[in-house]
1. Quick check, is Gly390 outside any helix (DSSP H, G or I) and surrounded by fewer than 21 Cβ atoms within 10 Å (Cβ to Cβ)?
2. For residues in the range 33-49 being in contact (Cβ under 8 Å) with a residue 60 or more places away in the chain and not charged (D, E, K, R), which is nearest to Thr135 (Cα to Cα)?
3. Report, by residue number, each residue of the range 311-339 that is touching a strand residue (DSSP E or B) at 6+ places or on another chain (Cβ under 7 Å) and aliphatic (A, V, I, L, M).
4. Inside the range 86-128, can you point out the residues that are closer than 21 Å to Ala75 by Cβ and β-branched (Val, Ile, Thr)?
5. Can you find a residue that is more than 30 Å from Arg345 (Cα to Cα), part of a helix (DSSP H, G or I) and in contact with a Pro (Cβ under 7 Å, 6 or more places away or on another chain) anywhere in the range 409-423?
6. Of Asp285, Asp278, which residue is at pLDDT below 90, crowded, with 20+ Cβ neighbours inside 10 Å and among the charged types (D, E, K, R)?
7. Go through the range 172-215 and tell me which helices (runs of 4 or more DSSP H), entirely inside it, have 3 or more residues that are at pLDDT below 85 and under 19 Å from Ile154 (Cα atoms).
8. Looking at the range 617-659, which of its residues are surrounded by fewer than 14 Cβ atoms within 10 Å (Cβ to Cβ) and free of Cβ contacts under 8 Å to residues at least 24 places away in the same chain?
Amino acid sequence: MWRPSVFALVWQACTWIGWAVVVLSILRMTPADLGLMGEPLAMIAAILIFSELRPIVMTRLIGNPVSISLAFVFAAMYLWGLYPAVLLYAASIVLSEILQRKPLWKILFNVGQYICSLGAAWLVLVVAGVVPSPTAPHLDMSAKDLWWIAASWIVYHLVNLALVAGLSEDEDISWWEDFSDEFWFYTVSTLAVLALSPLIAIVAVAYPYSWTMLPLLLLPLLAVQKAAEMSRHQEHLSLHDPLTGLPNRVLLNDRIEQALARSSRMRGMVVVMFLDLDLFKVVNDSLGHHAGDALLIDVAQRLKSAVRSGDTLARFGGDEFVVMCEDVTEDEVNAIADRITSSLRQSFTSDDRNVTVTASIGVAVATANSTPQTLLRDADVAMYRAKEHGRNQVVMFDEAMHEQANERLLDAVGLRRALEHDEFRVVYQPILDIATGRTIGMEALIRWEDPERGLVPPGMFIPAAEETGLIAPIGEWVLDVALSDVKDWHDEFGLNDIWVAVNISSRQLLSPTLVDEVQRSLYEAGVPASCLQLEITESAVMTDLAPVLDVLAQLRRLGVSLAVDDFGTGYSSLAYLKRLPVTTLKIDRAFVSGLGGIEDAFDRPIVDAIIKMAQSLGLDVIAEGVETPGQLDALSDLGGQFAQGFLWARPMTADDAVAWLRSHSYLGKP
């Protein structure tokens with residue numbers, strides 16, 4: 001307030017001039033003057049103090065509210081001049097500010113600001129030749145006075161807005177932006193209050209004891225106040241999420257738009273962070289929507305504590321949140337992201353159960369051409385990349401992601417076409433007994449035979465299938481085809497001991513109809529449940545929740561075997577595996593690839609530990625990605641049971657699988 005700036009200049013000028021007028025008013029008012037104004041003044045003072053404690057606050061005008069006391073202040077000025085009005089206004093403002101526990105500097109400025117605005121309105125009366133006083137009150141108010149009355153309202157309003165706008169300079173908001181913000185709405189609400197001031201002046205002195213009727217004039221003012229409160233409440237509902245109370249998409253877009261407009265005057269960046277809670281559907285489906293809502297409220301509170309006071313935290317929808325930061329550096333962005341992930345690290349309590357929640361976060365930095373829509377789109381794309389990287393990640397958007405997002409969109413359209421036009425193919429990779437070389441089963445793998453791009457590997461389209469929800473019908477189709485092929489192998493070729501492994505996505509695993517679908521597929525294919533093994537990933541069952549375990553238990557009761565795919569790359573632990581009704585662990589190829597080579601010293605202990613752990617739990621072990629004799633020898637030495645990989649065969653069609661099974665009923669080590 002003391003260093004040179006527009007803020008300091010406005011504060012100093014308003015405070016000193018305004019309080020000088022207050023002191024002058026105190027000195028010029030005499031007991032005789034108070035006696036002359038008498039009961040009407042006392043009634044106005046009482047009403048004014050009451051009304052100042054009940055300000056009308058509309059939309060974003062919280063920092064500069066319109067109070068119904070304003071009409072009574074102007075009425076006093078029209079009747080008895082500036083000094084009584086100044087003292088009434090100053091006293092009511094000080095009382096209101098103290099009750100609201102505002103700091104001293106704020107009290108000093110607010111009194112000064114309003115008194116300066118009132119003084120400007122008084123000058124209109126002086127110019128009009130109307131100079132009332134306690135000894136010479138203006139009692140014959142009529143229609144001819146309307147021009148200077150309206151002029152005094154306008155001058156007061158404009159000066160008041162101008163002074164408030166002068167305080168925004170240190171906040172990187174231009175004077176004009178602050179002055180014009182909500183100008184017409186504020187103007188209408190102010191004039192609605194001031195319009196009653198001439199009526200108050202007339203009623204106060206119309207005839208003896210007419211001042212007793214003044215409280216009745218509060219009724220229309222209170223009606224305006226009530227309407228304003230209802231309007232503000234409705235607007236709040238339209239701009240905020242009803243569950244968490246956070247800003248919604250509409251308010252978020254407005255905040256981003258304002259931040260982008262101010263960004264040219266900032267040294268820092270405008271950044272949007274898009275957060276999606278990982279596997280929140282598991283919690284919602286297992287504990288119920290009520291518990292899910294309670295968890296979202298708790299998450300919102302944690303996120304509030306992690307962001308800065310000036311940042312916008314919004315609920316975008318469902319389990320998605322958005323944080324908008326402006327005037328930030330790269331280091332500050334990283335610090336905010338770290339605080340967000342740290343705030344979620346401690347488990348939540350829901351229905352007396354501990355629930356762990358993580359978030360995938362995409363970060364986008366505004367450019368000169370950014371709009372709220374493009375900024376949110378970029379952050380959303382980065383968030384999905386974080387999910388692809390294993391969830392609980394923070395990923396910064398880069399332009400290369402645009403092309404990948406466009407490809408993903410094309411894939412989503414193509415996948416629907418592929419389902420309708422039978423473009424998917426199922427191929428099989430043998431699973432062998434390491435000790436005997438006998439083929440014991442086949443893993444079913446999906447391929448997409450795109451008419452334009454040829455054979456598309458699953459890594460290119462499965463993420464799009466997951467995002468669009470098409471993974472469920474695609475997975476169901478793979479299950480039907482695989483079991484149908486197994487039936488053919490059994491009936492036509494006598495390969496009765498062969499079973500098939502089918503991958504189940506997390507979305508399928510969480511479906512309440514999965515067990516029925518598996519049972520139906522087994523029945524329609526006419527094969528026993530022992531011919532089917534379902535492979536699930538660690539991430540799909542990372543949360544220890546009853547419904548997930550219940551689905552797995554129901555599948556086991558059908559007689560279907562269950563395998564944990566890509567074991568060692570996710571979340572499993574010995575204590576965790578004890579709860580899962582699985583029959584098999586599949587060691588991820590990342591650990592198998594180093595066996596028998598230069599990475600053997602690192603990977604062998606890991607594989608050895610996995611095999612021993614599985615054996616202690618009575619689980620079978622299948623090693624994935626075996627490609628060299630050295631890897632096979634190492635697995636054999638470690639006590640590995642089963643394996644699959646290019647060392648024996650690449651994935652093959654159903655017809656080739658029959659030929660393989662018939663000619664490779666026994667395979668020794670290559």
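The values are calculated or read from the model by the stated rules, or taken from the named source; none is laboratory data. A quick note: this is a predicted structure, and the numbers were derived from the prediction, not measured. All Cβ positions, even for glycine, are placed from backbone atoms using ideal geometry, and neighbour counts span all protein chains on display.
1. yes
2. Within the range 33-49, the match that is nearest to Thr135 (Cα to Cα) is Leu36.
3. Leu313, Ala314, Val322, Val323, Met324, Val328, Val333, Ile336, Ala337
4. Of everything in the range 86-128, those that are closer than 21 Å to Ala75 by Cβ and β-branched (Val, Ile, Thr) turn out to be Val86, Ile93, Val94, Val111, Ile115, Val124, Val126, Val127.
5. The answer is yes, given that some residue of the range 409-423 is more than 30 Å from Arg345 (Cα to Cα), part of a helix (DSSP H, G or I) and in contact with a Pro (Cβ under 7 Å, 6 or more places away or on another chain).
6. Asp278
7. Those helices (runs of 4 or more DSSP H) span 175-180, 183-194.
8. If the condition is that a residue be surrounded by fewer than 14 Cβ atoms within 10 Å (Cβ to Cβ) and free of Cβ contacts under 8 Å to residues at least 24 places away in the same chain, then Gly618, Asp637, Phe646, Asp655, Ala659 are the ones that fit.
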